[in-house]
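The values are calculated or read from the model by the stated rules, or taken from the named source; none is laboratory data. Here the structure is a predicted model, which is why all the values come from computation and not from measurement. Neighbour counts are summed over all protein chains in view; Cβ atoms, including those assigned to glycine, are modelled from backbone coordinates with ideal geometry.
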Amino acid sequence: MKSLRGNRTLIIINPKAGPGRIKDVACRIEKFSNYFDYAVFYDINEFRSFLSDKKDLYDIFVAAGGDGTVNSLVRELAGTGKTLAVLPVGSGNGFAREMGFRKSIRKLVSDLDSKKVFYTDVLYVNGIPCINVTGLGIDSYVAHEFCCFDQRGFWSYVAACFRVIFSMKPVKISLTMENKTSELEVFMLCLTNTRQFGNHAIIAPLAKPHDGKFNVVIVRPFPKILMPVFAIRLLTGTLKESRFVSYYETSSPVTINTSEKKFHIDGEAVLLDSPVKISLKNKDLKVLVTRRNKWLKKSEEFSVR
């Protein structure tokens with residue numbers, strides 16, 4: 001499904017959103033046909049081929065979906081000078097929430113009219129771009145469990161979390177950071193460019209998306225009876241350093257060695273062989289500034305064109 005009218009902004013609609021949601025998004029977009037082209041790609045190779053051929057026809061690319069859809073676009077846009085925007089219709093929408101994007105197309109149009117962008121950092125996980133959060137342990141197991149559900153959505157995500165919690169075991173890793181190697185057992189290891197997974201679950205409260213640094217969060221094994229406390233603090237943004245949780249900030253590459261292959265990148269399940277190297281490129285991606293963007297001073301905004 002495509003509607004290409006020669007506009008300079010293209011909306012990419014995630015096919016996993018389901019026929020009803022795709023139709024709803026397409027109908028809402030039609031009301032602003034003088035602003036947007038839109039397309040649904042059911043095959044990743046078709047998507048990549050289209051962007052390879054047509055990328056220069058557009059200035060702004062809008063991901064209509066969740067963090068996985070955002071990541072698919074980031075892989076094509078990072079380092080190109082093209083601008084990313086988001087219409088959040090996914091399950092967690094972590095990056096969209098951090099950047100202040102909303103579900104209203106009218107408000108997206110208002111943000112587009114301001115013609116302001118800023119540059120955000122991008123993580124690279126064995127060369128794969130990551131805009132939000134990557135890691136292994138609880139969150140990666142949930143991502144792998146979640147991808148097995150026929151239906152997406154908040155309650156499917158909750159069900160995946162419960163399945164993982166009752167069966168989780170510590171993961172043994174070797175972590176090399178700033179020339180120091182540590183042998184660890186973890187429930188979760190997160191490397192973040194922003195603060196949250198999604199749904200306001202804030203794992204790295206002090207992370208900033210454009211400061212040239214990324215956060216490393218180590219969650220050591222803790223009694224499962226404390227899981228409700230951990231979940232509440234995660235969802236209320238009050239998770240803090242303790243004997244179970246440690247925070248580090250670095251601009252240098254980090255290397256992980258582990259027999260565990262289940263990782264996630266921006267919430268999407270991936271299988272990676274060790275060593276897994278995570279590095280950062282400062283201000284590698286242009287992102288549309290929204291009216292609710294909390295990160296920038298006016299002097300840090302730049303014109304889209």
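One table, with the values for the structure above:
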{"read-out": "When residues of the range 178-215 are limited to those that are among the aliphatic types (A, V, I, L, M) and modelled with pLDDT of 95 or more, the one nearest to ASP284 (Cα to Cα)", "value": "LEU191"}
{"read-out": "Test: residue in the range 238-260 that is outside the structural domain of GLU76 (by TED's automatic domain parsing) and closer than 25 Å to LYS103 by Cα", "value": "no"}
{"read-out": "Members of the range 71-88 that are aliphatic (A, V, I, L, M), within 15 Å of ASP266 (Cα to Cα), touching a helix residue (DSSP H, G or I) at 6+ places or on another chain (Cβ under 9 Å) and not in a helix (DSSP H, G or I)", "value": "VAL86"}
{"read-out": "Residues being surrounded by fewer than 18 Cβ atoms within 10 Å (Cβ to Cβ) and of a type in the set (Phe, Trp, Tyr) - total across the range 248-282", "value": "1"}
{"read-out": "Strands (runs of 3 or more DSSP E) fully within the range 190-282 counting 2 or more residues that are within 17 Å of the chain's Cα centre (by Cα)", "value": "214-219, 262-265, 268-271"}
{"read-out": "Residues being part of a loop (DSSP other than H, G, I, E, B) and in contact (Cβ under 8 Å) with a residue 24 or more places away in the chain - total across the range 37-70", "value": "5"}
{"read-out": "Residue in the range 18-33 that is of a type in the set (A, V, I, L, M), touching a helix residue (DSSP H, G or I) at 6+ places or on another chain (Cβ under 8 Å) and farther than 20 Å from LEU84 by Cβ present", "value": "yes"}
{"read-out": "The lone exception for MET227 - which of (1) crowded, with 17+ Cβ neighbours inside 10 Å; (2) hydrophobic (A, V, I, L, M, F, W, C); (3) outside the structural domain of THR83 (by TED's automatic domain parsing) it fails", "value": "(1)"}
{"read-out": "Selection count where residues are farther than 18 Å from LYS82 by Cα and part of a strand (DSSP E or B), scope the range 129-141", "value": "5"}
{"read-out": "Which listed residue, of LYS261, LYS224, is more than 30 Å from ASN293 (Cα to Cα), out of contact with any Lys or Arg (no Cβ under 9 Å at 6 or more places or on another chain) and modelled with pLDDT of 95 or more", "value": "LYS261"}
{"read-out": "Given (1) surrounded by 14 or more Cβ atoms within 10 Å (Cβ to Cβ); (2) closer than 19 Å to ILE256 by Cα; (3) modelled with pLDDT under 95, number of the condition ALA160 does not satisfy", "value": "(2)"}
